[in-house]
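Enquirer: Would you mind keeping the following structure in view while I ask a few things?
The values are calculated or read from the model by the stated rules, or taken from the named source; none is laboratory data. All values derive from a computational prediction rather than experimental measurement. Reconstructed Cβ throughout: ideal geometry from the backbone, glycine too, with neighbour counts over all protein chains shown.
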């Protein structure tokens with residue numbers, strides 16, 4: 001097992017629950033984690049439950065060797081699952097500590113050696129009431145809750161920026177580059193259509209209408225010049241290692257949940273930030289590494305993704 005970074009994530013006024021309730025809460029966390037979005041719907045994870053512990057493991061055989069040779073997008077997917085687990089445990093008022101394992105576990109040649117993250121019942125000092133609120137979903141997928149509207153006002157943007165910072169990432173508005181970036185996305189799709197190997201790789205995981213990201217609820221969208229995003233955002237990190245990719249996934253899923261609550265759809269793009277030239281162009285500061293471009297708007301959502309059987313991804317060791 002590799003070097004770990006610790007983060008105590010609990011809520012103000014949270015209470016410790018009994019052992020039986022604790023086990024049930026961790027089971028619910030694993031189930032919610034399994035519903036996270038992932039690159040091409042690969043769902044590249046396994047969850048191991050033991051008393052007071054949830055380990056999140058990568059599945060290397062679900063990595064895309066052509067689209068994701070470094071494993072970066074796989075690890076971002078694991079971060080999305082980790083965020084979902086944290087949301088559920090916040091709902092259940094469980095005090096937790098999170099360990100995120102770094103490079104010797106998540107390095108590009110060693111993905112799959114050990115867990116990407118471990119969640120244990122513990123104590124800490126960081127409030128998580130905001131995470132618990134993210135479990136509240138609209139009455140209909142892709143529609144705003146009663147009394148709200150699908151808008152991207154300054155208050156929401158400020159909230160998104162604060163949420164990204166809470167996950168040790170940076171979020172900036174890059175809408176001034178939106179049209180050129182959408183053009184690059186179109187070129188990506190055109191290249192996939194022309195490359196039989198890449199197309200076959202994606203079709204193996206996303207039969208039918210290929211999408212680069214897929215979710216358990218229809219909140220992710222594909223934008224074009226006819227259904228232009230309202231805003232384009234960029235998630236960046238201070239480093240560019242496995243732990244940074246994991247944090248990126250946590251931030252991404254937290255932002256997606258916040259947008260869903262406002263009736264907004266989003267298209268995450270991790271391919272743009274894989275291209276060295278585009279990545280350099282997007283780099284907001286010398287010490288920031290672009291990780292995900294997020295197109296936000298009200299375009300029709302993608303269809304609900306197929307999910308793996310829970311018995312295939314969750315193992316209980318009680």
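Enquirer: Of all residues in region 45-73, which are closer than 21 Å to residue 311 by Cα, in contact with a helix residue (DSSP H, G or I) (Cβ under 9 Å, 6 or more places away or on another chain) and assigned to a helix (DSSP H, G or I)?
Expert: Result: 60, 62.
Enquirer: Cβ-Cβ under 6 Å, sequence separation 6+ or interchain: first residue in region 185-204 and touching a residue at least 24 places away in the same chain (Cβ under 8 Å), partner part of a helix (DSSP H, G or I). Which pairs?
Expert: Filtered contacts from region 185-204: 198/192.
Enquirer: Taking only region 150-179 into account, find how many residues are out of contact with any strand residue (DSSP E or B) (no Cβ under 8 Å at 6 or more places or on another chain) and outside any helix (DSSP H, G or I).
Expert: Going through region 150-179 one residue at a time, the tally reaches 4.
Enquirer: Further question: Within the bounds of region 272-281, is there any residue that is under 20 Å from residue 38 (Cα atoms), touching a helix residue (DSSP H, G or I) at 6+ places or on another chain (Cβ under 9 Å) and at pLDDT 95 or above?
Expert: no
Enquirer: Looking for whichever is modelled with pLDDT under 85 and not assigned by the TED database to the domain that holds residue 247 here; the options are 79, 107, 71, 52. Which one fits?
Expert: Unique residue meeting the criteria: 107.
Enquirer: Name the residues in region 221-248 that are more than 13 Å from residue 171 (Cα to Cα) and touching a helix residue (DSSP H, G or I) at 6+ places or on another chain (Cβ under 6 Å), would you? Full working, then the answer.
Expert: To start, the set of residues in region 221-248 that are more than 13 Å from residue 171 (Cα to Cα) comprises 221-230, 239-246.
Passing the criteria: 241, 242, 245, 246.
Enquirer: When you check residue 145 against the structure, is it surrounded by fewer than 16 Cβ atoms within 10 Å (Cβ to Cβ) and at pLDDT 90 or above, yes or no?
Expert: Values: surrounded by fewer than 16 Cβ atoms within 10 Å (Cβ to Cβ): yes; at pLDDT 90 or above: no.
So residue 145 does not fit the description; no.
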